[in-house]
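S.K.: Before anything else, here's the structure in question.
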Amino acid sequence: MTLFPEEKFSRKDCTSCGTCAGVCPSHAIQMCDGYPAFNSILCIGCGHCGVFCPVNAFKLEPLSRNAATPQQLRSLLEARRTIRFYSDKVPSEDEIDTLISVLSQSPTGVNQQGIIVRVVKGADAVGSLVKPVRKMLKILSLTGLVHIVGKITGMSDYIARLKGGEDMIFRGAPVVLFFFVPRKNPTGRADGVIAATAVMYHAVSMGMGTLWNGVAERIYPFTWSWHTPKTRGTRLTAVLCIGYPALEPKWKTPPRIYSVLNS
């Protein structure tokens, strides 16, 4: 939710310290006769004025200081594994709501909010997403194009299993989340990826697992049956499969390679 400071501000609690004006990144606050005056046109709703106010004149909730330690954060990152085998336990509506609620704290590049998450839950609903893809592959197989693509990409077995009835796209996940951002958002791609990443790690903290589904994201533009009028004017940025893992990892994953360039 965007903070509209002029609606929250309590003049009687203000001490005229000027902190809110000093931290405002868009210079939407000017001190006038010892009190802040707000320019709603310049305001980007970031909330800096409120969260840094020493006397809480903007009536915000107290900040929890129980931050994770570096080791706790490292343990969470190490616990994340791609999950392609899910148990029969299906996340409840409350669990899904709790999982997605982390988006209320997800940062955005130019403070453009408006992330939309489409939730597809249950075997029947997720299965209905696979059917049109399988049908499309069977039609394209008549042209020989699928055979050629399979040979070139080395995915002939993958395609054959998908056509044969296996869910090779969502891997039997009980819940699939599609992340959308407004097309007008200049940092939309990054914002959507950050949001999905936040949900991914929140899932780990709740005992669930995820699959970052690049296949579903790649074929989304060609699967019109997946589209809904409620996401018009947006673009897809990530797809996550969610569920309780059928298998638990026992050992730490070998570290991935990265480089640091100092200049």
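S.K.: What distance in nm separates the simple spin-label points at residue 259 and residue 227, each placed 7 Å from Cα in the Cβ direction?
M.R.: Here the answer is 3.9 nm between the modelled labels.
S.K.: Pop the C-beta distance of residue 31 and residue 131 into the FRET formula with R0 = 41 Å and round what comes out to the nearest 0.05. It would help to have the intermediate numbers written out before the result.
M.R.: Values: r = 62 Å, r/R0 = 1.50.
Calculated transfer efficiency: 0.10.
S.K.: Whole angstrom only: what separates the Cα centroid of the range 172-204 from the Cα centroid of the range 42-114?
M.R.: When both Cα centres are located, 13 Å separates them.
S.K.: Using the Cα centre of the chain as origin and beta-carbon charges of +1 (Lys, Arg) and -1 (Asp, Glu), tell me which of 25, 136, 36 is placed farthest towards the positive end of the dipole.
M.R.: Toward the positive end, the furthest listed residue is 136.
S.K.: Long-range amide H contacts for residue 235: which residues qualify at under 5 Å (H placed 1.01 Å from N, peptide plane, sequence gap of 5 or more or a different chain)?
M.R.: So residue 235 has HN proximity to 181, 183.
S.K.: Another question about this same structure. For residue 12, project a label point 7 Å along Cα to C-beta. Then give me every residue of the range 53-68 with its amide nitrogen under 18 Å of that point.
M.R.: 55-60
S.K.: In the range 90-216, if the dipole is taken from +1 on Lys/Arg beta carbons and -1 on Asp/Glu beta carbons about the Cα centre, which of 152, 172, 187 is farthest to the positive end?
M.R.: Working it through, the farthest residue towards the positive pole turns out to be 152.
S.K.: Less than 15 Å Cβ to Cβ from residue 129, Lys/Arg counted +1 and Asp/Glu -1: what total charge do the surrounding residues give?
M.R.: +3
S.K.: May I ask you to evaluate 6.51 cos²θ - 1.76 cosθ + 1.60, the Karplus curve with θ = phi - 60°, for each residue of the range 72-86 and list the ³J(HN,Hα) values in order in whole Hz, giving x for glycine and proline?
M.R.: 5, 5, 4, 5, 5, 5, 6, 6, 5, 9, 5, 10, 10, 10, 10
S.K.: Let me ask something else. Stokes-Einstein diffusion coefficient for the chain at 20 °C in a medium of 1.002 mPa s, Rh from the Kirkwood formula over Cα pairs: what value in µm²/s? Write down the numbers at each step before the final one.
M.R.: Details: Rh = 21.8 Å.
Answer, rounded: 98 µm²/s.
S.K.: Quick one: Karplus J couplings for the range 112-124, per residue in order, coefficients 6.51, -1.76, 1.60, θ = phi - 60°, nearest Hz, x for Gly and Pro?
M.R.: Once θ is set to phi - 60°, the couplings for the range 112-124 become 7, 9, x, 5, 10, 10, 8, 9, 10, 10, x, 4, 5 Hz.
S.K.: Which whole-number percent is the relative contact order of the chain (Cα, under 8 Å, 6+ apart)?
M.R.: 22
S.K.: Next question. Need the list of aspartates and glutamates near residue 8 for cross-linking: C-alpha distance under 15 angstrom, and skip anything on the same chain fewer than eight residues off.
M.R.: 61
S.K.: Hey, what do the phi angles of the range 165-175 turn into as Karplus ³J(HN,Hα) couplings, whole Hz, using 6.51/-1.76/1.60 and θ = phi - 60°, x for Gly and Pro?
M.R.: Values, residue by residue: x, 6, 7, 8, 8, 9, 6, x, 5, x, 9 Hz.
S.K.: A further question on this structure: Along the Cα→Cβ direction, 7 angstrom out, place labels at residue 140 and residue 246. What is the inter-label distance in nm?
M.R.: 2.7
S.K.: Select from the range 168-263 those trypsin sites (Lys or Arg not before Pro) which occupy a DSSP coil region and have at most 14 other Cβ atoms within 10 Å, ordered by residue number.
M.R.: 183, 184, 232, 250, 252, 256
S.K.: Compute the FRET efficiency between residue 184 and residue 101 as 1/(1 + (r/R0)^6), taking r as their Cβ-Cβ distance and R0 = 25 Å, and round to the nearest 0.05. Numbers along the way, then the final one.
M.R.: Working: r = 25 Å, r/R0 = 1.01.
It comes to 0.50.
S.K.: Next question, about the same structure. Per 10 Å bin, what percent of the C-alpha pairs of the range 54-154 does each bin hold, from zero upward?
M.R.: Each 10 Å bin holds this share of Cα pairs: 9, 20, 28, 23, 13, 5, 2, 0.
S.K.: Quick check on my link table: of 135/230; 184/230; 89/163; 121/230, which ones sit more than 20 Å apart, alpha carbon to alpha carbon?
M.R.: Over 20 Å apart, Cα to Cα: 135/230; 89/163.
Read the figures in this text as sums done on the coordinates, not as results from a lab. All values reported here derive from a predicted model rather than from experimental measurement. Cβ coordinates were reconstructed from backbone atoms using ideal geometry, including for glycine residues, and neighbour counts include every protein chain displayed.
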